[in-house]
1. Say whether the condition of being open to solvent by 10 Å² or more (accessible area, probe 1.4 Å), at the interface with chain A (Cβ under 10 Å from one of its Cβ atoms) and polar (S, T, N, Q) is met by at least one residue in region B:286-299.
2. Restricting to region B:73-89, what's the tally of residues that are open to solvent by 50 Å² or more (accessible area, probe 1.4 Å) and either touching a Lys or Arg at 6+ places or on another chain (Cβ under 7 Å) or not in a helix (DSSP H, G or I) (or both)?
3. For region B:156-173, name all the residues that are among the hydrophobic types (A, V, I, L, M, F, W, C) and either more than 24 Å from the chain's Cα centre (by Cα) or closer than 18 Å to B:A81 by Cβ (or both).
4. Going through region B:275-285 one residue at a time, which ones are surrounded by fewer than 24 Cβ atoms within 10 Å (Cβ to Cβ) and facing another protein chain (nearest Cβ under 9 Å)?
5. Which of the residues belonging to region A:125-175 are of a type outside the set (A, V, I, L, M, F, W, C), more than 16 Å from A:D94 (Cα to Cα) and open to solvent by 90 Å² or more (accessible area, probe 1.4 Å)?
6. Among the residues of region A:36-91, count how many are at pLDDT below 90, open to solvent by 20 Å² or more (accessible area, probe 1.4 Å) and part of a loop (DSSP other than H, G, I, E, B).
7. Specify which of the listed residues (B:G180, B:G244) is closer than 29 Å to B:A137 by Cα and part of a loop (DSSP other than H, G, I, E, B).
Amino acid sequence: MITGRNQADYHSLKTWRIKLLALLFLLGSFVIAARLFSWQVLQSDLLANYARVQQQSQSSLPAMRGAILASDGFPLATTGEAYLLWASLKDIVDVKRTASKLAPLLMDKPEENDATASAKTEEELVLNEEERIKTLLGRTDVVWVPVKRKIGKEQKQQIESLGIKGIGFDPEEGRAYPEASMAAQVLGFVGKDTAGTPKGYFGLEGFYDLTLSGSKGVKTWEKDAFGNPIILGGSHKVGAQDGITIKTHIDRSAQYLVERHLKEGVEKYEAAEGVVVVMRPSDGAILAMAGFPAYDPAKFNNFDKEFYINPAIGESFEPGSIFKVLVMAAALDSEAVAPEDKCDSCSGPRVIAEYTIESGSKQYYPDSTPKEIIEHSDNVGMIWVAERLGEEKMADYLQKYGIGRSSGIDLQGELVPPLRDSDDWGLIDLATASFGQGVAITPIQMVRAVGALANAGKLVTPQVVDKIIAQNQEDDIKPQKTEQVISPRAAKQITDMMVNGVESKSDMWPIPRGFQVAGKTGTAQIPVAGHYDPNKVVSSFVGFAPANNPKFVMIVSLKDPKVGQYASQNAAFIWFNIADDLLPYFGAQPN
Amino acid sequence: MKKLKAAIFSSLGFDKKLLFTVLALVIFGVVMVANASVVDATRTFGDELFFAKRQVFRAAGGLFLLLLLSRIPYQIWNKLALPIICVTLVMLVSVLIPGVGTEALGARRWINIGIIDLQPAEFAKLALCIYFAHLFAKRQAFLPFIFALVLTVGLVMLEPDMGTAAIIVFLSGIIYFASGANPGYFLALIPVGFITGALFILTSDYRRERVLTFLNPSADPLGTSYHIRQVLIALGSGGIFGLGLGQSRQKYLFLPEPATDSIFAIIGEEFGFVGGLAVIILFSYLVWRGLSIAARVNDPFGRLLAVGITSWIGIQAFINLSAMVALLPLTGVPLPFLSYGGSALIFNLAAMGILLNISSQRRYG
């Protein structure tokens with residue numbers, strides 16, 4: 001019995017130890033299973049994401065940038081074939097000979113408009129390019145160098161025909177400009193953003209960048225640890241959505257002749273720069289818009305940044321006498337003055353506070369009517385008009401004309417100079433504003449406001465783009481709602497005064513035969529640090545024609561012309577030269 | 001047909017559930033080795049089934065050995081215990097001799113004997129199970145136990161093979177514990193084991209690095225922690241139900257050792273948490289069957305041998321799985337039955353044969 005009990009004790013003791021072992025193993029398996037649950041269930045998303053990151057490769061499929069078309073459908077900017085020329089250095093036989101062969105084909109042609117390049121002769125440019133290529137090909141730290149970007153198809157064929165060893169081409173997307181630098185400042189250009197992807201800057205390229213650029217596609221595939229695609233792996237492709245093409249109101253012929261006349265004018269009158277905007281008053285369509293000097297969007301990098309700015313929307317100036325028509329129209333509309341009223345303070349210079357204001361010609365016309373005040377561009381007369389109108393209404397009307405707010409034009413880079421607050425108008429401010437000093441505006445604001453006078457008092461929103469074209473389907477971009485700024489009666493009255501003003505100088509100006517033109521000159525002083533520059537002016541002419549049924553409203557503005565003392569001697573001539581070409585082109589019938 | 005089956009199994013008279021568990025693991029292992037090694041096999045040998053073919057051959061050999069040993073009365077090992085341990089020690093010494101032992105990846109672990117590369121350390125685990133069962137079946141032979149243990153572990157560490165050494169230490173401790181060890185002696189051994197282990201870790205750069213990586217896995221994602229990171233990515237992308245058989249992406253050269261030490265990561269990736277849990281349950285069930293066999297055997301040698309063999313498989317499986325789920329540092333311990341490897345599979349199956357024989361005799365013990 002005793003032995004048996006001992007054996008049983010011994011046995012149960014050992015079984016107890018085995019049971020403890022089994023328990024420990026069981027516990028271990030629980031811990032492992034719990035931990036496995038944590039990795040595979042709780043943290044699965046995070047880890048699976050790491051897996052995707054390392055197992056998948058991606059490449060983006062470029063979307064083709066939409067074109068910018070002129071009103072006749074001809075492309076002003078388009079996405080074309082372009083190439084990167086590269087050299088594989090170990091395959092280059094003779095660095096010196098290769099460089100001298102390539103240089104004449106690769107050098108940048110001197111820019112007509114580029115002041116920095118014109119100083120150099122073509123020979124120098126070739127030598128510079130040869131030196132640049134030699135340095136590139138002589139590098140020993142790399143085996144492959146990009147030699148030149150954005151090489152066109154023809155240029156590529158020329159280079160290929162040379163049969164040079166060790167060079168080759170890679171396709172790259174390039175913006176092509178079939179009309180060269182036409183409307184450059186309206187178009188803007190395509191550069192690269194900080195991430196290196198193409199991005200539109202300024203003008204239409206900037207404003208419509210998202211529309212034009214479309215959306216990139218993505219191709220994803222699975223790879224092994226060395227980056228090779230795996231056999232059973234899937235691949236996934238999201239096709240690129242090509243950019244949308246935009247069709248503008250820009251009329252190629254009008255734009256061409258505007259640019260030609262402007263360039264000739266700027267050169268003839270030795271102006272620092274010039275700007276012309278031609279707008280259809282009925283719907284705000286921008287038919288032509290040009291600044292000079294401009295730049296070549298295909299080689300925007302070669303130009304200083306100031307050339308990128310479109311002066312029609314991006315530069316402000318004090319308008320001077322062209323502003324008088326707006327003030328007068330406001331006074332007529334509000335019946336502050338009537339056409340038959342006579343100025344009772346027009347017999348000499350006006351003294352307001354510590355300022356003495358003279359008329360531009362130093363001549364005075366007592367008892368002038370509004371018509372005569374416009375005809376003589378009479379500053380003291382305008383002060384009389386403005387005083388009749390009053391500060392409050394002056395501010396109100398200017399605001400209604402769109403001064404001090406964005407014109408709403410569909411271009412990137414619009415500058416909006418602020419307008420004095422309505423409760424901040426002093427007597428002197430009212431007086432100077434009446435003849436367009438002490439207010440800053442942009443040419444587009446001016447042309448838009450005068451457009452309202454031409455359009456029976458209705459203010460339109462200027463618009464460059466007419467239609468967007470996606471998948472061969474055209475969608476009209478409707479003109480924005482118009483605002484009635486002044487009554488049709490007041491518009492007719494101011495138009496008649498402007499026509500009279502132009503006709504009074506018919507012996508001086510080349511007014512297109514058989515047409516009534518409503519216009520106004522303005523020679524404004526340029527404010528410099530708190531006072532006016534005694535030597536420099538901005539000469540402008542704004543007007544519309546034919547006066548009774550305007551096909552266009554146009555502003556011509558020259559900054560600092562050296563030839564001709566007044567706008568009537570320079571800007572007006574450019575205006576009439578352009579109008580002479582535009583009127584028959586737009587099908588206007590002479591009376 | 002049913003009668004025929006019944007005839008075969010009743011004549012064998014061993015634990016069929018244990019056999020089926022082992023068979024399930026081996027077959028699954030062959031499939032997973034074939035699947036997990038396909039990329040490496042194609043890349044290295046130009047034959048996508050290079051590893052698979054060899055594993056099938058070894059599995060067949062191992063299963064034959066299992067059936068053979070299940071028919072040999074286990075008592076014979078009690079008598080052969082001393083010669084077996086002597087042969088083991090000779091092999092462990094000879095593997096260290098240049099020209100006899102084959103060196104790979106900085107370690108001497110293999111002896112080439114014609115058809116296969118034999119890993120003496122794998123044999124040593126089985127041999128120690130037999131020898132310690134033999135020792136403790138008669139009496140509490142503490143000194144010979146410590147002597148044999150230190151000698152074997154020392155030789156294994158010279159290869160070096162820290163993983164196997166750890167398994168040997170644990171399984172020896174368990175046999176000693178199960179034999180009714182003096183609690184004082186046994187408890188005294190635990191700190192000694194820990195200090196020795198810590199010394200080994202601290203005196204070797206790569207071991208210290210592995211432990212540091214384990215403690216701070218995000219330290220060097222492309223260097224030392226690359227392996228565990230890839231294991232966890234495989235497990236995580238498997239999710240609950242896995243990507244499906246053959247759908248592993250991590251085997252495309254991201255995951256190191258996909259067919260050997262890391263095969264569980266591929267299982268987790270392809271069969272998800274469900275598949276991984278099934279493997280854990282299979283091993284737990286195997287351990288439970290093995291320990292219940294041990295509990296029912298009255299013969300002290302048979303009981304301790306069963307405990308030893310079961311613990312060996314259990315410990316090795318749990319060390320591998322714990323490393324896979326980042327509970328332990330990676331030590332290069334293969335997963336029994338599942339990982340690619342000749343010696344390991346063959347000796348694991350041989351040990352199972354002996355365990356099955358013990359189970360067949362339990363009623364007469």
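The values are calculated or read from the model by the stated rules, or taken from the named source; none is laboratory data. Nothing here was measured: the structure is a model prediction, and the numbers come from that model. Positions of Cβ are generated from backbone atoms using ideal geometry, with glycine treated the same way; all protein chains shown enter the neighbour counts. Keep in mind that these areas ignore ligands, DNA and RNA; they rest on the heavy atoms of the full protein, side chains included. Shrake-Rupley method; radii C 1.70, N 1.55, O 1.52, S 1.80 Å.
1. yes
2. Number satisfying all stated conditions: 1.
3. Matches in region B:156-173: B:I168, B:L171.
4. B:L277, B:I280, B:I281, B:S284
5. Hits for region A:125-175 are A:D141, A:R149, A:K150, A:K153, A:E154, A:Q157, A:Q158, A:E160, A:S161, A:P171.
6. 2
7. That would be B:G180, the only listed residue that is closer than 29 Å to B:A137 by Cα and part of a loop (DSSP other than H, G, I, E, B).
Table: residues versus (1) part of a helix (DSSP H, G or I); (2) out of contact with any Pro (no Cβ under 6 Å at 6 or more places or on another chain).
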residue: A:L136; (1), (2): yes, yes
residue: A:V145; (1), (2): no, yes
residue: A:K150; (1), (2): no, yes
residue: A:E160; (1), (2): yes, yes
residue: A:P178; (1), (2): no, no
residue: A:K199; (1), (2): no, yes
residue: A:K219; (1), (2): no, yes
residue: A:E222; (1), (2): no, yes
